[in-house]
Structure formats: structure tokens, C-alpha cells
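The values are calculated or read from the model by the stated rules, or taken from the named source; none is laboratory data. As the structure is a computational prediction, the values presented were derived from the model and not from experiment. When we count neighbours, we look across all protein chains shown, and the Cβ atoms used for this are built from the backbone with ideal geometry, even at glycine. What goes into the accessible areas is simple: the full protein's heavy atoms, side chains included, and nothing from ligands, DNA or RNA. Shrake-Rupley method; radii C 1.70, N 1.55, O 1.52, S 1.80 Å.
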Amino acid sequence: MIDVAADGPIRTVTIDRPEARNALTVDGLETLEAAIDEAEESVIYLRGRGPAFSAGADLNEVAALEGDRDRAAEFARLGQRVARTIEDSPAVVVAGIDGPARGGGLELALACDIRVGTPDSTYGEPGVSFGLFGAWGGTVRLPRVLGEGDALEFALSGRSIDAEEALRIGLISRIEDDPRSVAEEIAGNAADALAALKRRIRDDGERATQERREADAFADLVAAHADDIDALLE
């Protein structure tokens, strides 16, 4: 599910489950976490295989929670942990987004240092339409990236936006036919300077309380909408 390839200063980490639009299971999240955590390269390029970046959480896994709040909160915390591993990595993490980035997939991209979309990339948090949201750190990071107003409109509407709008509101920083070119550009700089600059820019306030509240809210919604989640899979 997760493919890793090294090329000099760049580690390419590919979510490799195209038949499921690169949706992530528990095993996939844990493998992704290890692929990021074990990197010794100065730049990590995160991408999805095939026609999507990532659809986020595998809904079969969410349905298997059977409305259990404790297990739902644990699942949310795992996604949050993976996003923190991306955010806290000493490497610069570049998300190369081609096709849809949805829900938790978008939230993992938000944890990356730089997001680059192709002209065919699209972005959305559609879970609100059936009573959920991603809960992998998105409610913490989205307002930091977009500002509160745009974050609220984007998340609460559940709508999908294209690359041009994502660029306009600051969700991505560039549109490129080949997003890897940005990773290669960054990798040409001094590794120690990249790591130091990332640490300073990423230095922020306490976030654990926000993430705990996010996991709790997600758990409440899983418990309340267990039947709706099952219906989506029929």
C-alpha cells in the first residue's frame, strides 16, 4: 500500500492503492508513518498512485468501528499521529497532488510543508454531507492555512474546489504539471539549512488540546451516524 523509493536527497513515498482511490486503512496509516519517520533524506515527496492523491480514511474501516466511541477516537488519533509525524519530520515534505485529495487525504496534505497541485487536482472535505469530517488534524491546520473565514466556508459547504481556486485561497502554493519538480528544486538546497528553517517556521503553540477535542467530536459523529456509514457501503 505504501511504496518508498530513494533518489539522492529525495525520498518518494507513494500511497499505492489506486483501486480504492488511495484510501488509507489502519495498516496503511502505520506504514505511511514509518516511511516518513525513517527517512534520512532532506526532502520527502508524498504522492498517490493513479488518478487520486488520497480519498482519506477507508470507509470500510470507519464502518467497522460500529459506532464505538473509544475505537473511533483511537482511529482519529492514529491519523492525527501520522499527520504530526509528517509535520514534525526534519525533512521538508512536499505533497504532489494529482486528482482528488479528500477528507483525511487532504488533511495529510495539510500537514506537509508544501502542497503542489497539478491542473487536474481537486480538493474537498465531503464527510460533512453524511455526518462526519476527516479528524486527522484538519480542524487545527485548515484555519492556519486558509484563515478562519475561508476554512469555515470550505469545510462547512462540503464542496469540491479545483486547482485554480485552491491556489487563490492558499490551499496549495503552486500548480505544476510535474509537482516533483518543486521537490527537486528544494532538494538542491543545503540539508541542514532546510531542516533548521522548517523547525523555526513550524514552531507553534500547544496543539494537543485542539486535537483531543477534534478526536472527541469525530467519535461522537461516528457513534451518531453508524447506520449512515453502513448505508454508504451498500
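The residue of segment 214-234 that is farthest from Gly138 (Cα to Cα), among those that are charged (D, E, K, R) and touching a residue at least 40 places away in the same chain (Cβ under 8 Å), is Asp230. Scanning segment 119-142 for residues that are open to solvent by 50 Å² or more (accessible area, probe 1.4 Å) and not charged (D, E, K, R) gives Pro119, Val128, Ser129, Phe130, Phe133, Thr139. Scanning segment 99-117 for residues that are of a type in the set (D, E, K, R) and surrounded by 24 or more Cβ atoms within 10 Å (Cβ to Cβ) yields Arg102, Glu107, Arg115. In segment 91-112 there is at least one residue that is under 11 Å from the mean Cα position of the chain (by Cα), of a type outside the set (A, V, I, L, M) and farther than 18 Å from Thr25 by Cα. Flag set for Asp68, criterion: open to solvent by 10 Å² or more (accessible area, probe 1.4 Å), among the charged types (D, E, K, R) and at pLDDT below 95. Filter segment 178-212 down to the residues that are assigned to a helix (DSSP H, G or I), over 23 Å from Gly96 (Cα atoms) and touching a residue at least 12 places away in the same chain (Cβ under 8 Å), then identify the one that is least open to solvent (accessible area, probe 1.4 Å). My answer is Glu211. In segment 145-166, the residues that are more than 17 Å from Ser54 (Cα to Cα) reach residues that are assigned to a helix (DSSP H, G or I) and open to solvent by 40 Å² or more (accessible area, probe 1.4 Å) with C-beta atoms within less than 6 angstrom, at least six apart or across chains, in these pairs: Ala151/Pro143. Look at Arg47 and say whether it is open to solvent by 10 Å² or more (accessible area, probe 1.4 Å), in contact with a Leu (Cβ under 8 Å, 6 or more places away or on another chain) and outside any helix (DSSP H, G or I). Spelling it out, it is not the case that Arg47 is open to solvent by 10 Å² or more (accessible area, probe 1.4 Å), in contact with a Leu (Cβ under 8 Å, 6 or more places away or on another chain) and outside any helix (DSSP H, G or I). Using the structure shown, decide if Ala5 is crowded, with 23+ Cβ neighbours inside 10 Å and at pLDDT 95 or above. Spelling it out, it is not the case that Ala5 is crowded, with 23+ Cβ neighbours inside 10 Å and at pLDDT 95 or above.
Might you check whether a residue that is free of Cβ contacts under 8 Å to residues at least 40 places away in the same chain and of a type outside the set (Val, Ile, Thr) occurs anywhere in segment 81-90? Checked segment 81-90: no residue is free of Cβ contacts under 8 Å to residues at least 40 places away in the same chain and of a type outside the set (Val, Ile, Thr).
Scanning segment 21-42 for residues that are open to solvent by 30 Å² or more (accessible area, probe 1.4 Å) and either closer than 20 Å to Glu107 by Cβ or among the aromatic types (Phe, Trp, Tyr) (or both) returns Arg21, Val26, Asp27, Glu30, Thr31, Glu33, Ala34, Asp37. Determine the pairs where a residue that is more than 19 Å from Ala191 (Cβ to Cβ) and modelled with pLDDT under 95, located within segment 24-41, has a partner that is open to solvent by 40 Å² or more (accessible area, probe 1.4 Å) and assigned to a loop (DSSP other than H, G, I, E, B) with Cβ atoms under 8 Å apart, the partner being 6 or more residues away or on another chain. So the pair list comes out empty.
Can you spot a residue in segment 5-13 that is assigned to a strand (DSSP E or B), within 19 Å of Tyr123 (Cβ to Cβ) and touching a residue at least 40 places away in the same chain (Cβ under 8 Å)? No - not one qualifying residue is present in segment 5-13.
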